[in-house]
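Only one structure is covered here, and it is reproduced in the block below.
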There are 4 protein chains.
Amino acid sequence: MMNSFGHIFRVTTWGESHGPALGATVDGVPPGVPLEASMLQHWLDRRKPGQSKYTTQRREADEVRILSGVYEGQTTGTPVQLMIENTDQRSKDYSEIAEKFRPGHADITYWQKYGIRDPRGGGRSSARETAARVAAGGIAREALAALAPGLEIRGYMTRMGVHEIDRANIDWDQIEKNPFWTPDATAAATWADYLDGLRKSGSSVGAVIEVVVRGAPAGLGAPIYAKLDTELAAAMMSINAVKGVEIGEGMGAAELTGEENADEIYMGEDGKPVFSSNHAGGILGGISTGQDIVVRFSVKPTSSILTTRKTITKSGEPAEIVTKGRHDPCVGIRAVPVGEAMAACVILDHLLLHRAQVGEGPRGIIG
Amino acid sequence: MMNSFGHIFRVTTWGESHGPALGATVDGVPPGVPLEASMLQHWLDRRKPGQSKYTTQRREADEVRILSGVYEGQTTGTPVQLMIENTDQRSKDYSEIAEKFRPGHADITYWQKYGIRDPRGGGRSSARETAARVAAGGIAREALAALAPGLEIRGYMTRMGVHEIDRANIDWDQIEKNPFWTPDATAAATWADYLDGLRKSGSSVGAVIEVVVRGAPAGLGAPIYAKLDTELAAAMMSINAVKGVEIGEGMGAAELTGEENADEIYMGEDGKPVFSSNHAGGILGGISTGQDIVVRFSVKPTSSILTTRKTITKSGEPAEIVTKGRHDPCVGIRAVPVGEAMAACVILDHLLLHRAQVGEGPRGIIG
Amino acid sequence: MMNSFGHIFRVTTWGESHGPALGATVDGVPPGVPLEASMLQHWLDRRKPGQSKYTTQRREADEVRILSGVYEGQTTGTPVQLMIENTDQRSKDYSEIAEKFRPGHADITYWQKYGIRDPRGGGRSSARETAARVAAGGIAREALAALAPGLEIRGYMTRMGVHEIDRANIDWDQIEKNPFWTPDATAAATWADYLDGLRKSGSSVGAVIEVVVRGAPAGLGAPIYAKLDTELAAAMMSINAVKGVEIGEGMGAAELTGEENADEIYMGEDGKPVFSSNHAGGILGGISTGQDIVVRFSVKPTSSILTTRKTITKSGEPAEIVTKGRHDPCVGIRAVPVGEAMAACVILDHLLLHRAQVGEGPRGIIG
Amino acid sequence: MMNSFGHIFRVTTWGESHGPALGATVDGVPPGVPLEASMLQHWLDRRKPGQSKYTTQRREADEVRILSGVYEGQTTGTPVQLMIENTDQRSKDYSEIAEKFRPGHADITYWQKYGIRDPRGGGRSSARETAARVAAGGIAREALAALAPGLEIRGYMTRMGVHEIDRANIDWDQIEKNPFWTPDATAAATWADYLDGLRKSGSSVGAVIEVVVRGAPAGLGAPIYAKLDTELAAAMMSINAVKGVEIGEGMGAAELTGEENADEIYMGEDGKPVFSSNHAGGILGGISTGQDIVVRFSVKPTSSILTTRKTITKSGEPAEIVTKGRHDPCVGIRAVPVGEAMAACVILDHLLLHRAQVGEGPRGIIG
């Protein structure tokens, strides 16, 4: 169960960065969902490296194949196997990286845990694994389109290093118009210069990504350990390089008083409750309120930088290491589609879990 | 599986705030661990209300009984059932609270999800549930004492509302000397006045709690969804009122460059690696490095305040509500032992999971 | 997860024969199901010892209490905790049984596994644990009454030792009219004499129990490891003393030819398929057909007999042992309500699992 | 979780009979186990069709590839993905089979459940899925070779239709010398004629397979729902066409008295307990005793026979169907390596689960 997530819609990812292939085994897919590889490829292409000068220049086709669970363009309810072959397996020299541990990487901990590791391209700990999540998230999106029409999932960057967006500028229409997936056009311009500088100096920087689920029904999530916020937190924290996760006000909630924080409740014109604000991020007691579900996560700067760092070898000798070659100056950019995919998986899983226990009928209708 | 957490050491909590009892069913406890109720009571007493004027004045004995899984003072390897009877079930009038949804509470979402809810004292969504976690965490601590001698788990408050501690002042010896479990004696003094004011005005405020696991072996955690940081994040986010979780640098990692963030590696005198810093919070690639494991979480201010708030009734009519009676001006205080307990459960579970897959022998010894 | 079963409707049992109490934590209960302790007591009373001279004369009240998950007579969707206090904890002398391993009992294997065991009344391995299952099964029955009206679960004995029923005599109305829960009145008379003889000589004998689920919808079960027959087999095999499980033709299917075994399909007048026979026991490919679901299991004779047996002590010395006191000459009798309870839990769980993945709407309607 | 089994060593199979490929995702593999595809191919070749005139003449290469989790010939502890491409995907006409339900097949139930099915070669319900299990079982065997040297797993047929073996003739050396994997050379001769007749007449017949695990340590298994017998029963019942599962005496235990059934205990010369007999099949209270673990299962006759059968079409019209082409007159033969593989997976999983909870040290040593 170590490489799986989800209760009903259950995703197990497998594969190493430079092995023959990687992918995801997706169980619990509702039957009758239209599905073709091209639908998943759409999302994978957004995560693919080399899309702009701000992401790694590695060339990976990241072409996904569906090996099972689909018949004549529809899911059958049996496991869907997704496979992405690794085409960039160049016969590169990994001897240095195999001997020394890169600071800030999982090299040392895989070694400490297993006593063996696949050093090629980071092996299992490579962010390439997130391609499998994005593909699985694509299935979740198609199922959501059938089960919760109108539900929308949007991810975007709200911070790059020291530069945060101005929330007054948020315009979702801007997200697709800049290479950073940010809804603040002004920030996009600032970030372009900022990241260019970092990129040229061989440095890297962190980022914050926000994912909003709009139009999710109220009632998703369950006490106590299958809370919707718990599962979103786990989903995001499981992404490579993520160090913090927030729901609604997040860490800032600590600074508020009860008066400032509570979202008052009114009756909407459509017979559904509306709230005066959304400090809660759309979740109360672990269960969705029907408001926007807002989750945010930080991505640390990649440790692959051109500055020489101190480290040790496998035999414990002091050493120095410098990462050569292609890297992402801000891996947070490519984390945006990954965050969206994880949100899609969690929301679908909870829709299914909810109808398992409670059914499809309306509950607790107010008014 | 909705009320359970953990893989091998698996805790299922049950019970409502004002039902006959609440507790935890704890499966996967290693056999032969010395265990008596008094060992668990020690930790429960720290979470118990009414310990100082800064916590709710409710009187709950919170006395834990062990109903199974222990024979002659030792665990037998079979499930340990922990029960805490609810002695403060006063025949109180819940009619108002049963009719109106309190803003910021789970009242409305339980109703939206299930179409039925137990309104007495918040039912299942009450923070009283965390007593069961603290008791289960006590078992985890005893097992850890046997399996990982020297391992230490310390939780403390680092922020109360607008006031953060000065990290230069951190002194673990101070933690037990103030009612806020803070390691900064100066902050404790400031907070006392601050919280007194909030308490008297019937307001409330949020907090940040940090939990450190010192002396955990390297190698705990597993790709990809059983990462140690993923599971700590889930554990903390599942605690009532938590809105954000951070590992190491947390959200702040987004503001750093790669040079600032990477922890360089040296060889320690005891043949184990040491690191120049701990931005990673003791976890790389989801696996522990042997450094301090550092997790932090924010707790929102309780929504039970003396200010009147707008809300609606079950039938959708506009209404106003004000919380009467006893409440915690800063629930974060009582979250400290809860955070420690969750950390204990996660670490033990991963020790067991590690020896399942990898065994007890040394792996990847360096030097 | 070692003491739990079920996916959505998940039952975790806990407790030892002579500890303070035993019970079951039942998660995933649909909300709004009418539930009171008396509804569960009804089923527990059928399993209770001392009902006739053919079952053990121990006196156990087996009174079940509901500690959580129910409000004003309805389930709330939160975990239901069921507790049965052990009132027959006489200060008996267990010193002999604590020193020697009883042949055919779990005494030796608990010792081999854990290095510690609770010898009082068999501890966790006692059949008293099945009381918790029967109580949990009672919840499943109430939920099934709401979700699948008309569904009926009947268990009965088809063999006692060398005496099997005549299937031509099966009449469900007879089941309640004899102390053996057998639908064959003629067999009941034979068995009475047979068991009386065994009982008086201090011997014991095995039995076969058949459980039929009538009126279950088609479509329950799922490939490959959540097949309905797989889960029923696991459920029954987990009952104390069970050594064999059969679906439909069971072991006898090996003796048939393809012509004899296949159930031909016709169209029923109600627009549902009917079958010429039911060799399959209502399950094809792990999924229910809509026919009677037929599961059968054998129960070995209890090892508690008055004949002296060879054994060893904890320190490996040769020894002899004889079981004194009260015992069941045919424990299979009391296994009937247990088998029914397990079937109820499995069927409910699969109803919930089915609506999770597929929903509540009709699928694959024929005609 | 519907297509997965195992707790720590967790196998998820995927794929349809005539899709692009099928396989297994194997998580929880211990690191450092020598593994190459050829080691798995050895076991797959035993299950492969067309090995003798007694199995289907279909030609499938059943060539397994390892796509992940192995580096330089050793497992790394990350998921191992096994893929078997379907090379026998002839552009066959499935229109008849797509319209009519074959009696005794899962055609109708997949349709009833999902409202969609992949009719090509039986889709997910085809016994081709068991190839993935055999491959996964090969990994389990390699891990067992490292963790439990001397442990041996042997499967063999004990019944073909009306002909049972004579247990006095059992000689394991005979198993590999006849096409039926039977240890009774006399039976092999009888069966050859018998099956030849059935095959020529286009009929089919059932079988009983016994799997013995010799040399497993005492202490494997756990109360109550992870009992070793429970899990073996589930593992075997999940195999296509299996209708009954027995441990030790199995269904026959019902016919015994307590005196006949109990295995007396003595002290062995090596300081381990020995037993006078093995009615228990090596398991007491769900935990292994150290004796041979004996599990037996029946396989029904394949429903693919040359006799015309009554059925209905998808639109509910009466119809007739006859299976053309290649089939197995006794599918039980090819179930032998499958049963062995499932036993290997269960035993390894429980070795890992045991060391998770109890550790690797000796427990409950007697003498």
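The values are calculated or read from the model by the stated rules, or taken from the named source; none is laboratory data. Quantities reported herein were computed from a predicted structural model and do not represent experimental measurements. Here Cβ is always computed from backbone atoms with ideal geometry, including for glycine, and neighbour counts include all displayed protein chains. SASA here: full protein model, heavy atoms, side chains in, ligands and nucleic acids out. Shrake-Rupley method; radii C 1.70, N 1.55, O 1.52, S 1.80 Å.
Once the Cβ-Cβ distance of A:Glu72 and A:Ala145 is raised to the sixth power relative to R0 = 25 Å, the FRET efficiency obtained is 0.85.
What value, in deg cm²/dmol to 500, does the helix sum -39500 (n - 2.57) over DSSP H runs of n ≥ 4 give at 222 nm once divided by the residues of the protein assembly as shown?
Numbers: 32 runs with 395 residues, N = 1468.
Taking each H run of at least 4 residues, the total per residue is -8500 deg cm²/dmol.
Peptide D:347-359 has a mean shielding of 5, counted as Cβ atoms of other protein chains within 10 Å of each residue's Cβ.
Per the Kirkwood definition applied to all pairs of different Cα atoms, how many angstroms is the hydrodynamic radius of the stretch B:204-251? Don't skip to the answer; put the middle values down first.
Working: mean 1/r = 0.0811 Å⁻¹.
Across the stretch B:204-251, the inverse of the average 1/r is 12.3 Å.
Accessible area per residue was computed with a 1.4 Å probe on protein heavy atoms; B:Asp45 scores about 50 Å².
In a shell of Cβ-Cβ distance under 12 Å around A:Gly137, excluding A:Gly137 itself, what net charge do Lys and Arg (+1) and Asp and Glu (-1) give? Spell out each step's value before the answer.
Values: positive: A:Arg46, A:Arg47, A:Arg133, A:Arg141; negative: A:Glu142, A:Glu340, A:Asp349.
In short, +1.
Does the stretch A:230-297 come out rounded, prolate or oblate, given a ≥ b ≥ c as the square roots of the eigenvalues of its C-alpha gyration tensor, rounded meaning a/c under 1.5 and, failing that, prolate meaning a/b above b/c?
Numbers: a/c = 3.27, a/b = 1.63, b/c = 2.00.
Verdict is oblate for the stretch A:230-297.
If a spin label sat at a point 7 angstrom from the Cα of C:Asp270 along the line to its beta carbon, the backbone N atoms of the stretch C:215-247 nearer than 17 Å would be those of C:215-220.
What is the sum of charges, Lys and Arg at +1 and Asp and Glu at -1, for the other residues whose Cβ falls under 15 Å from the Cβ of A:Val274?
Numbers: positive: A:Arg214, A:Lys272, B:Arg309, B:Lys310; negative: A:Asp263, A:Glu264, A:Glu269, A:Asp270, A:Asp292, B:Glu317.
Every neighbour counted, the sum reads -2.
Step by step: find N for the stretch C:264-354, compute 2.2 N^0.38 Å, then divide the Cα radius of gyration by it. What's the final number? Mind showing how you got there, number by number?
Numbers: Rg = 22.2 Å, N = 91, 2.2 N^0.38 = 12.2 Å.
Taking the Cα Rg and dividing by 2.2 N^0.38 Å, one obtains 1.81.
Which translational diffusion coefficient, to the nearest whole µm²/s, is obtained for chain D from the Stokes-Einstein equation, given a Kirkwood hydrodynamic radius over C-alpha pairs, 10 °C and 1.306 mPa s? Walk me through the numbers on the way to the answer.
On the way: Rh = 21.7 Å.
So the translational diffusion coefficient is about 73 µm²/s.
Taking N as the number of residues in the stretch A:181-236, what is its alpha-carbon radius of gyration divided by 2.2 N^0.38 Å? Can you show the working numbers first?
On the way: Rg = 17.6 Å, N = 56, 2.2 N^0.38 = 10.2 Å.
Cα-based Rg divided by the globular estimate yields 1.73.
Solvent-accessible area lost on pairing D with C (1.4 Å probe, both sides summed) amounts to about 9000 Å². Of the DSSP H helices in chain B, those with a Cα length along their own long axis of 20 Å or more and a mean Kyte-Doolittle hydropathy reaching 0.5 comprise B:129-147, B:332-357. For the stretch D:105-209, the ratio of Cα radius of gyration to the globular rule of thumb 2.2 N^0.38 Å stands at 1.41. Sorted largest first by accessible area at a 1.4 angstrom probe radius, with every protein chain in place, the residues D:Glu317, B:Glu16, B:Glu249 fall in the order D:Glu317, B:Glu249, B:Glu16. Overall, the accessible surface of the protein assembly as shown at a probe of 1.4 angstrom is composed of carbon and sulfur to the extent of 49 percent. Between this copy and the others, label points of D:Asp173 are 6.4, 7.7, 8.6 nm apart in ascending order, each placed 7 angstrom from Cα in the Cβ direction.
Find how much the distance from D:Asp166 to D:Glu96 grows on full extension, using 0.36 nm per residue of separation minus their present alpha carbon separation; answer in nm with one decimal. Walk me through the numbers before you get to the answer.
Numbers: separation 70, 0.36 × 70 = 25.20 nm, distance 4.37 nm.
Full extension of this stretch gives 20.8 nm more.
Taking every residue in A:168-177 and counting other chain Cβ atoms within 10 Å of its Cβ, the average works out to 0. Rolling a 1.4 Å probe over the protein heavy atoms gives the stretch A:129-281 an accessible area of 31 Å² per residue. What's the center-to-center distance, using Cα atoms, between the stretch D:277-300 and the stretch D:1-60 in Å? About 25 Å separates the Cα centre of the stretch D:277-300 from the one of the stretch D:1-60. Burial here means at least 50 square angstrom less accessible surface with every protein chain in place than with the chain by itself, probed at 1.4 Å; in the stretch B:116-165 the buried residues are B:Ile116. The label-point distance for B:Ala185 and A:Lys177, in a model that sets each label 7 Å from Cα toward Cβ, rounds to 5.8 nm.
If you bin the C-alpha pair distances of the stretch B:190-272 every 5 Å from 0, what whole percents do you get? That works out to 3, 9, 13, 15, 18, 16, 9, 7, 6, 3, 1, 0, in percent per bin. Dimensions of the protein assembly as shown along the principal axes, based on C-alpha atoms and rounded to the nearest Å, stand at 84, 70, 69, largest first.
For the stretch A:140-260, dividing the convex hull volume of the Cα atoms by the residue count gives 162 Å³ per residue. The GluC sites (Glu not before Pro) of the stretch B:261-341 that meet both conditions, a loop assignment by DSSP and at most 12 other Cβ atoms within 10 Å of the site Cβ, are B:Glu269.
The chain B residue nearest the rotation axis shared with chain C, using its Cβ and rounding the distance to whole Å, is B:Thr25, 2. What the Kirkwood sum gives for the stretch A:24-153 is a hydrodynamic radius of 16.7 Å, with every pair of different alpha carbons counted.
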